[in-house]
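See below for the structure under consideration.
The values are calculated or read from the model by the stated rules, or taken from the named source; none is laboratory data. The model shown is predicted, which means the values in this text are computed figures rather than measured ones. Cβ atoms come from the backbone with ideal geometry, glycine included; neighbour counts cover every protein chain shown.
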Amino acid sequence: MVNHPKLLAAVDLGSNSFRLIVGRVEDTASGSQIYPVDALREPVRLGAGLSRDKYLDRASQARGWSALKRFGERLRDFHPDHVRAVATNTLRVAKNAADFLGEAENALGFPIEVIAGREEARLIYAGAAHSVPANAGQRLVVDIGGGSTEFIIGLGYDPLIMESLYIGCVSHSRQFFPSGNVDEYTMRQAELAASREIQIISSQFRLAGWDQAIGSSGTARALAELLEANNLNDSGVTHGITRGGLERLKRALIKAENANRLKLVALKGDRIPVLPGGLSIMLAVFNELGIDYADTTDGALRLGVLYDLLGRSHHEDMRAVTVEGFMRRYSVDRAQADRIGQLAVGFYAQLEPEPSQARDEANTFLGWAASLHEIGLTISHSAYHKHSAYIASNADMPGFSRTDQARLAMLVLGHAGKLGKLAQARDVEWRLLFCLRLAVLLCRRRAVLDLPTITLTDTDGYGVRLPKAWVDENPLTDYSLIQEAAEWAKLGNAYRVVYTED
């Protein structure tokens with residue numbers, strides 16, 4: 001494998017298009033910057049293959065797999081640490097997403113993360129903020145995707161308010177303009193439907209205010225290109241999107257009666273099927289938020305993913321920031337969390353002595369699980385581990401993909417209590433749970449530890465070796481270890497506690 005230390009790659013599995021961007025990292029005295037050096041775009045229109053009962057049809061899946069195979073060839077020499085692939089709305093809602101993703105990861109050659117709507121919004125803002133000139137005040141970024149639309153107000157590089165709505169150019173076009181036919185009534189209904197969704201967030205956004213409005217990525221750029229190339233914008237405006245320009249484009253579309261008969265300069269063939277839906281949503285955005293003009297940028301989700309990936313490589317992982325925020329929010333006992341985390345990581349090192357990326361990642365998740373395992377105490381002491389797991393699984397956690405959250409929630413849920421609750425779960429990391437549960441058991445006194453040498457094994461089951469003299473002085477720990485062994489035995493896993501004379 002060829003290592004490209006200065007190249008990073010991001011793959012965006014959108015509802016309309018799949019995109020790949022490769023960026024070169026330039027380190028300067030003022031910080032790091034990413035310069036795009038290669039980009040690929042495939043108009044897969046995955047969202048168009050989503051049935052009413054939320055299943056992806058075979059044809060759309062095949063289009064996606066074919067595109068990812070081509071992306072995979074481009075990324076064949078990249079180190080796994082330098083590539084991040086994310087999937088958005090269609091794969092958030094598709095009931096057979098897991099079936100598609102298995103083959104998709106084989107085609108691409110890298111893991112694919114399905115990200116939540118607000119996480120998508122955070123990454124979109126990061127990409128937009130790094131691709132437009134600095135602005136002294138707050139900026140509004142709107143990204144109309146194939147299956148969802150993200151709204152973000154931010155200051156500098158920091159997002160302040162983030163929302164994701166289930167309206168997109170593919171889904172809206174399918175619902176209101178399935179054959180491409182456009183008339184006054186249908187366009188009005190499409191605008192009203194989008195407006196109803198936007199009204200849910202409009203008051204909050206108007207109250208926060210902004211000095212600059214930006215439309216990011218595909219739909220916004222496509223609309224801007226049409227308005228600019230055909231002189232549809234308001235007088236004196238040579239770039240971007242104006243409210244008057246959108247109205248003139250709407251009149252032209254209605255006059256043509258069908259999107260396929262629209263004759264305009266810069267109208268790309270793959271954009272025709274989703275133009276009416278995207279236009280109706282953008283009109284609703286302008287009307288509901290009181291926008292007269294918006295600039296545009298092509299830097300959005302995929303560029304944001306690159307900068308997030310850059311942060312991870314520079315040990316500025318947004319997930320670590322999120323965990324720190326949760327610790328403050330839920331008043332975590334930091335000393336106890338640190339004790340458990342350090343002990344669990346030390347135990348795992350005995351089972352996985354050779355350094356590797358997988359071990360580093362496992363250590364990271366053990367540390368995060370230790371940091372958040374007691375956040376459920378703010379709800380109730382009874383079954384607190386279930387409350388902790390629910391929060392970890394369902395809260396908005398910037399930087400975390402759904403896969404990350406599921407992994408973290410599994411560790412948090414399994415750190416205490418009966419193991420039978422995980423018997424039917426998929427992808428349970430039993431070795432990590434073995435280490436985490438033992439660390440929690442040994443830290444029950446919530447005090448500075450004076451532990452003897454404890455040796456762990458995981459050959460033919462799990463084994464714990466510790467001095468008998470120490471155990472005799474700690475009968476509660478002895479009793480707890482016996483109970484723990486019995487709990488693992490219920491799952492058919494051997495768990496031997498061996499007392500030595502050392």
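Candidates in the range 139-176 are the residues that are closer than 14 Å to LEU275 by Cα and over 19 Å from the mean Cα position of the chain (by Cα); of these, the one that is surrounded by the fewest Cβ atoms within 10 Å (Cβ to Cβ) is GLN175.
To keep it simple, each residue is scored yes or no on (1) touching a Pro at 6+ places or on another chain (Cβ under 8 Å); (2) without any contact (Cβ under 8 Å) to a residue 60 or more places away in the chain.
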{"position": "LEU68", "(1), (2)": "no, yes"}
{"position": "ASP77", "(1), (2)": "no, no"}
{"position": "ALA97", "(1), (2)": "no, yes"}
{"position": "PHE100", "(1), (2)": "no, yes"}
{"position": "GLU105", "(1), (2)": "yes, yes"}
{"position": "VAL114", "(1), (2)": "no, no"}
{"position": "ALA121", "(1), (2)": "yes, yes"}
{"position": "VAL132", "(1), (2)": "no, no"}
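Looking only at residues in the range 32-64 that are hydrophobic (A, V, I, L, M, F, W, C) and surrounded by fewer than 18 Cβ atoms within 10 Å (Cβ to Cβ), the one that is farthest from the chain's Cα centre (by Cα) is ALA59.
Scanning the range 311-329 for residues that are acidic (Asp, Glu) and either at pLDDT below 65 or closer than 15 Å to ARG122 by Cα (or both) yields GLU316, ASP317. Out of all the residues in the range 118-138, which are crowded, with 21+ Cβ neighbours inside 10 Å and either assigned by TED's automatic domain parsing to the domain that holds SER51 or not aromatic (Phe, Trp, Tyr) (or both)? Residues satisfying the conditions are GLU119, GLU120, ALA121, ARG122, LEU123, ILE124, ALA126, GLY127, ALA128, ALA129.
Within the range 249-257, identify whether any single residue is more than 30 Å from ASP81 (Cβ to Cβ) and within 25 Å of the chain's Cα centre (by Cα), and answer yes or no. Within the range 249-257, none of the residues are more than 30 Å from ASP81 (Cβ to Cβ) and within 25 Å of the chain's Cα centre (by Cα). What residue, among those in the range 98-117 that are aliphatic (A, V, I, L, M) and at pLDDT 95 or above, is surrounded by the fewest Cβ atoms within 10 Å (Cβ to Cβ)? Looking at residues that are aliphatic (A, V, I, L, M) and at pLDDT 95 or above, I get ALA107. Of the residues screened, VAL93 is one that is touching a strand residue (DSSP E or B) at 6+ places or on another chain (Cβ under 8 Å) and surrounded by fewer than 22 Cβ atoms within 10 Å (Cβ to Cβ).
Being assigned by TED's automatic domain parsing to the domain that holds LEU253, surrounded by fewer than 24 Cβ atoms within 10 Å (Cβ to Cβ), in contact (Cβ under 8 Å) with a residue 24 or more places away in the chain and in contact with an Asp or Glu (Cβ under 6 Å, 6 or more places away or on another chain): is that true of SER179 here? The answer is no for SER179.
Residues that are over 9 Å from the mean Cα position of the chain (by Cα) and assigned to a loop (DSSP other than H, G, I, E, B) were ranked within the range 83-122; the one that is nearest to ARG402 (Cα to Cα) is PRO111. The residues of the range 282-309 that are under 12 Å from HIS130 (Cα atoms) and β-branched (Val, Ile, Thr), listed by number, are THR297, VAL305. Only one of the listed residues (ALA362, ALA389) is within 23 Å of ARG118 (Cβ to Cβ), under 25 Å from the mean Cα position of the chain (by Cα), at pLDDT 90 or above and buried (at least 16 other Cβ atoms within 10 Å of the Cβ). That residue is ALA389.
(1) modelled with pLDDT of 90 or more; (2) touching a helix residue (DSSP H, G or I) at 6+ places or on another chain (Cβ under 7 Å); (3) more than 19 Å from THR149 (Cα to Cα): which one isn't true of HIS239, the others all being true? That leaves (1) as the condition not met. In the range 48-82, the qualifying residues are those that are modelled with pLDDT of 95 or more and aliphatic (A, V, I, L, M), and the one that is farthest from LEU165 (Cα to Cα) is LEU75. Here GLY218, GLY245, GLY209 are screened, and the one residue that is modelled with pLDDT of 90 or more and crowded, with 22+ Cβ neighbours inside 10 Å is GLY245. The set of residues in the range 350-407 that are under 15 Å from ILE340 (Cα atoms) and aromatic (Phe, Trp, Tyr) comprises PHE365, TRP368.
Restricting attention to the range 323-338, does a residue exist that is buried (at least 19 other Cβ atoms within 10 Å of the Cβ), assigned by TED's automatic domain parsing to the domain that holds SER393, within 23 Å of the chain's Cα centre (by Cα) and part of a helix (DSSP H, G or I)? So far as the range 323-338 goes, yes, one or more of its residues are buried (at least 19 other Cβ atoms within 10 Å of the Cβ), assigned by TED's automatic domain parsing to the domain that holds SER393, within 23 Å of the chain's Cα centre (by Cα) and part of a helix (DSSP H, G or I). The criterion of at least 2 residues that are in contact (Cβ under 8 Å) with a residue 60 or more places away in the chain is met, among helices (runs of 4 or more DSSP H) falling completely within the range 366-456, by 402-414, 430-442. Annotation: of all residues in the range 421-480 being among the polar types (S, T, N, Q) and more than 25 Å from ASN363 (Cβ to Cβ), the one that is surrounded by the fewest Cβ atoms within 10 Å (Cβ to Cβ) is GLN424.
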